[in-house]
Amino acid sequence: MSANGEKSVTIGLLRDRMPGERRVALTPPDIRRLAHRATFLVERGAGIEAGFADAEYAAAGARVARIEELIARARVVVKISPPPLSLILRPGMLLVSLGGRDEAVASLLREKSVVHLGLERLPRITRAQSMDVLSSQASVAGYAAVLEGARHLDVMLPMFITAAGTIKPARMMALGAGVAGLQAIATARRLGAITHGFDVREAAREQVQSLGATFVAPEVSGVSGEAAGGYARDQSADEQHRLRRALAKHIATMRLVIATAQIPGRPAPILIDEETVAAMQPGAVIVDLAAESGGNCTLTRLDEIVAVRGVRILGPTNLPSAVATNASQLFSGNIRALLEHLIRSDGQLILDREDPITGALLADQLPALSPARVA
């Protein structure tokens, strides 16, 4: 703390203004846990859409303020999505948000001399697991995708036995057995569907089977592999084509397909083409969670529902907002862990480029920054 008893760093929590965004980056319980390290300013109404009232933030030790005061006083600003072009941030501010792979965002923030800790740049190491917002939000998205898909299905997921007859359980498949895909399988299985999972990584087989699902392993020579960090490696156009044809016969038998396959920093691999969709049963539903990076299906359109021969293809880009309270709680827990890493117990903010977590977040933004900086 400083000589006058004030904490050394002031953190501002901004309300997200992106259309459809209902989450908030920090919740009152996590602010309470951080209150001994920092002073918190919370923009009025920041958490209301996620179910957290201003009075809860005040009770947690934050001060609810107008955005003008927050921008004028905060050293660190926290939010879910990148700021809009109209938001004036002070030079030297530290922004913690998503958008770490968006060059337009990076260019804007460089012009404003704002340092951006883009959360997508967090390294996949054990020490950073508690800070990994991509994983926590992917888990929420996998859950929400199944509910969204079920809402658009013409059939029920579970077996249904009545005096009028028996309804067979629906068949569901997750393309990609990462965090979102595994959560989708678990959710669909809890709802009574017959579940399947596919991934090019053979290591995913055990994870899919541990959930009680069938692992789909098309026999395609050379189409497999795992890149550094546990992600699937990028594939050639020929490999993707052969994989699509091998997967098509499996996808054709599914009522619900949750497509989650993505490669960081690259367009999503195409796993479902028009030929595959044409072979699916009318009334089947595809929920493409890779829509924002191009989509796993060639017919996917951002935030639209495309109907082709009775098959519905959904391209949602922000499913976690559908369950904003719990999604915010998980996101906030990740941000709290990150702030605990960056802010010492005495309230000093440390940006150390030699630290594997901080260094990855800073990337090449601060070429003139000394190895350690205390704000």
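The values are calculated or read from the model by the stated rules, or taken from the named source; none is laboratory data. Being a predicted model, the structure only gives us computed values, none of them experimental. In this analysis, Cβ positions are derived from the backbone assuming ideal geometry, glycine residues included, and neighbour counts consider all displayed protein chains.
For S107, state whether it is assigned to a helix (DSSP H, G or I), modelled with pLDDT under 90 and within 30 Å of P264 (Cβ to Cβ).
Details: assigned to a helix (DSSP H, G or I): yes; modelled with pLDDT under 90: yes; within 30 Å of P264 (Cβ to Cβ): yes.
So S107 passes the test.
Out of everything in segment 72-101 that is within 13 Å of I11 (Cα to Cα) and in a loop (DSSP other than H, G, I, E, B), what residue ends up being modelled with the lowest pLDDT?
Among residues in segment 72-101 that are within 13 Å of I11 (Cα to Cα) and in a loop (DSSP other than H, G, I, E, B), the one modelled with the lowest pLDDT is M93.
Within segment 5-53, restricting attention to residues that are touching a residue at least 40 places away in the same chain (Cβ under 8 Å) and polar (S, T, N, Q), which residue is nearest to A324 (Cα to Cα)?
T27
Going by the conditions given, is G61 assigned to a loop (DSSP other than H, G, I, E, B) and more than 14 Å from I11 (Cα to Cα)?
Considered against the rule, which asks whether it is assigned to a loop (DSSP other than H, G, I, E, B) and more than 14 Å from I11 (Cα to Cα), G61 comes out as no.
Return only the number of the condition from (1) out of contact with any helix residue (DSSP H, G or I) (no Cβ under 8 Å at 6 or more places or on another chain); (2) in contact (Cβ under 8 Å) with a residue 24 or more places away in the chain; (3) closer than 22 Å to L338 by Cα that R110 does not satisfy.
Answer for R110: the failing condition is (3).
Just the residues that are under 18 Å from the mean Cα position of the chain (by Cα) and of a type in the set (V, I, T), please, taken from segment 9-36.
V24, T27
State which residue pairs qualify: first residue over 21 Å from K112 (Cα atoms) and outside any loop (DSSP other than H, G, I, E, B) and inside segment 351-375, second residue at pLDDT below 90 and of a type outside the set (A, V, I, L, M) in any location, beta carbons under 7 Å apart, and separation of 6 or more residues or different chains.
Sorted first by the residue in segment 351-375, then by its partner, the pairs are D352/P371.
Of these, A278, A268, which one is in the same structural domain as R245 (by TED's automatic domain parsing), in a loop (DSSP other than H, G, I, E, B) and surrounded by fewer than 23 Cβ atoms within 10 Å (Cβ to Cβ)? Let's see the steps before the verdict.
Numbers: A278 fails: in a loop (DSSP other than H, G, I, E, B).
The conditions single out A268.
What pairs can you find where one residue is in segment 274-287 and without any contact (Cβ under 8 Å) to a residue 60 or more places away in the chain, the other is among the hydroxyl-bearing types (S, T, Y) and surrounded by 13 or more Cβ atoms within 10 Å (Cβ to Cβ), and their Cβ atoms are less than 7 Å apart, with a gap of 6+ or different chains?
E274/T298
For segment 50-78, give me each residue that is under 26 Å from the mean Cα position of the chain (by Cα) and on the phi > 0 side of the Ramachandran plot.
Once the filter is applied, which keeps residues that are under 26 Å from the mean Cα position of the chain (by Cα) and on the phi > 0 side of the Ramachandran plot, segment 50-78 yields only G51.
Among the candidates A177, A184, A170, single out the residue that is touching an Asp or Glu at 6+ places or on another chain (Cβ under 6 Å) and in the same structural domain as V257 (by TED's automatic domain parsing).
Exactly one of A177, A184, A170 is touching an Asp or Glu at 6+ places or on another chain (Cβ under 6 Å) and in the same structural domain as V257 (by TED's automatic domain parsing), namely A177.
In segment 188-203, which residues are in contact with a Gly (Cβ under 7 Å, 6 or more places away or on another chain) and either part of a helix (DSSP H, G or I) or of a type in the set (A, V, I, L, M) (or both)?
Hits for segment 188-203 are R189, V200.
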